[in-house]
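Nothing in this text is a laboratory measurement; each read-out follows from the coordinates by a stated rule. Predicted model only: the values in this text are computed from it and were never measured. We place every Cβ from the backbone using ideal geometry, glycine too, and count neighbours over all the protein chains shown.
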């Protein structure tokens with residue numbers, strides 16, 4: 001049983017870290033696009049920011065379990081199969097990037113207009129303003145946002161069992177719930193609580209370090 | 001440095017969005033000068049400043065900074081000139097996650113990366129603005145005045161020859177504002193940096209400026225040296241801005257009793273301004289002697305324009321047309337400017353004074 005739990009733990013770890021990693025990369029890109037192209041942005045292209053906003057909202061309103069199923073054709077195309085841990089990681093990445101895009105967008109938007117004007121008046125380029133002022137100022141908020149998203153994704157990963165993704169959540173459903181192994185169910189729940197606590201504490205610690 | 005080297009030349013500058021904000025602004029600012037641009041809110045001060053720091057492009061006209069055209073040039077050229085301009089904004093706008101020293105270094109780090117020169121210049125400036133020992137403090141650990149000093153040091157980083165200040169004292173208490181103004185004057189003398197500051201407050205202008213330029217409805221309505229502006233204001237806007245500063249106006253309930261025209265047996269209320277030149281003479285005493293009139297001083301204040309003292313008095317004199325006319329003429333010759341505020345009926349004339 002220990003091996004079963006360990007194996008599932010590693011699967012969860014893989015799905016969450018991989019989807020958070022790629023999700024953050026895509027999310028940052030989308031967030032910058034949103035912030036830059038908004039009407040008051042540094043590169044105003046309202047049609048981009050608006051259509052991107054509608055796209056994000058549309059996909060964020062789809063329940064994750066439905067999203068997994070809807071994405072099966074894409075998963076098959078990208079991963080080669082629609083079943084397994086790697087296959088489950090794709091919809092997780094997609095869901096994570098949607099959440100992260102909004103969270104980073106909000107964080108970047110907290111930079112005061114005045115501070116951006118300081119950059120402009122210094123003769124800084126848009127990229128310098130984004131990276132050296134906005135991103136720098138928003139970092140603590142971004143870290144706390146990513147912490148929240150990580151915890152969400154840990155929850156989402158329980159649904160990965162639908163496509164054979166495995167992981168702790170899937171183990172809890174199949175062995176704990178469907179096979180009435182109450183001890184295993186409680187054990188997994190405790191492990192999940194510990195993981196979430198660790199993630200939150202690490203996030204809080206990093207945020208406090210970054211905030212001056 | 002040539003004595004008449006011009007730091008800024010503004011020619012026929014206009015800026016309009018849907019309505020005209022600035023109209024035909026012409027202005028020359030010699031190097032090393034401290035120029036105050038004063039006006040009421042909505043007069044166009046901020047827009048003018050934003051044209052000068054490159055945050056806005058003027059609709060018409062040109063700006064030349066240090067002999068280089070600043071308007072209608074490529075982004076690259078504009079940015080190059082922007083490096084010579086330091087800005088102190090209304091809100092302090094420091095990067096919250098950088099220390100005081102890192103904030104001062106920020107403008108140059110943005111372009112050149114790390115180097116020892118940047119560090120030593122930043123350290124020097126931070127000491128110059130009086131923040132020894134605060135190098136590693138974060139903005140949240142600094143007081144409003146200290147944070148503004150950091151912002152000034154940051155504005156002076158690099159090869160800055162022009163400092164633009166936008167209502168930057170409005171968030172500070174008066175004492176702190178005075179300290180910051182003193183610092184600016186000191187920096188102006190030591191570094192030879194030209195300073196333009198915009199404000200709605202004549203008290204700020206009086207403390208620091210060499211020249212004043214009064215903006216009203218997007219136009220310059222008056223421009224003169226500070227002493228002339230304060231002692232001989234021409235335009236009504238200038239006068240009203242000054243009134244807040246140097247006249248202790250009569251209390252409202254007394255103003256209500258004031259008649260516009262003289263009545264039989266009344267007192268005339270006069271407001272006198274005198275500069276340091278006139279302040280040396282015993283003017284009131286000699287008027288009393290020459291015209292044999294009892295002068296009653298109702299209100300008075302002494303004020304300073306930079307190093308020049310001047311005073312303002314409100315006095316009452318028993319009204320006799322001929323005498324008053326002569327007294328006014330006499331005062332004028334002694335370079336005291338006098339203005340009749342109104343007339344009090346004799347019965348109440350002195351009673352309210354006690």
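Tell me the relative contact order for chain B as a rounded percent, counting alpha carbon contacts under 8 Å between residues six or more apart. Answer for chain B is 17 percent. Using just the C-alpha positions of the protein assembly as shown as equal point scatterers, what log10 of I(q)/I(0) does the Debye formula give at each q in 0.06, 0.11, 0.13 1/Å? Each listed q maps to, in turn, -0.50, -1.03, -1.22. Between residue A:180 and residue A:210, full extension at 0.36 nm per residue minus the direct alpha carbon distance yields a gain of 6.2 nm. For chain A, report the translational diffusion coefficient in µm²/s to the nearest whole number, using Stokes-Einstein at 37 °C, 0.692 mPa s, and a Kirkwood Rh over Cα pairs. In µm²/s, the coefficient rounds to 177.
In this simple spin-label model, placing a label point 7 Å from the Cα along the Cα-to-Cβ direction at both residue A:47 and residue B:55 gives a separation of 3.1 nm. Each part gets one Cα centre, and for the range B:205-220 versus the range A:187-205 those centres are 62 Å apart. For the peptide A:129-138, the mean number of other protein chain Cβ atoms found within 10 angstrom of a residue's Cβ is 2. FRET efficiency for residue A:198 and residue B:127, Cβ-Cβ distance as r, R0 = 51 Å, nearest 0.05? So the FRET efficiency works out to roughly 0.65. Only helical runs count toward this figure. For chain B, summing -39,500 (n - 2.57) over DSSP H runs of n ≥ 4 and dividing by all residues gives -10500 deg cm²/dmol at 222 nm.
Applying 0.36 nm per residue to the separation of residue A:106 and residue A:70 and subtracting their alpha-carbon distance, the gain on full extension is 10.2 nm.
Peptide B:51-57 has a mean shielding of 2, counted as Cβ atoms of other protein chains within 10 Å of each residue's Cβ.
Each peptide in A:96-107, A:147-158, B:147-158 gets a packing score, the mean of other Cβ atoms within 10 Å over its residues, and the list from highest to lowest is B:147-158, A:96-107, A:147-158.
Calculated FRET efficiency, residue A:83 to residue B:112, Cβ-Cβ distance, R0 = 51 Å: about 0.40 to the nearest 0.05. Calculate, in nm to one decimal, what residue A:3 and residue A:62 gain on full extension: separation in residues at 0.36 nm each, minus their alpha carbon distance. Here the segment from residue A:3 to residue A:62 would lengthen by 17.8 nm. DSSP beta bridges confined to the protein assembly as shown are antiparallel in about 75 percent of cases.
For the range A:1-152, what relative contact order do you get, as a whole percent, if you take Cα pairs closer than 8 Å and at least 6 residues apart? Taking the mean separation of contacting Cα pairs over the length of the range A:1-152, I get 29 percent. By the equivalent-ellipsoid construction on the alpha carbon gyration tensor, chain B comes out with semi-axes of 47, 23, 18 Å, ordered largest to smallest.
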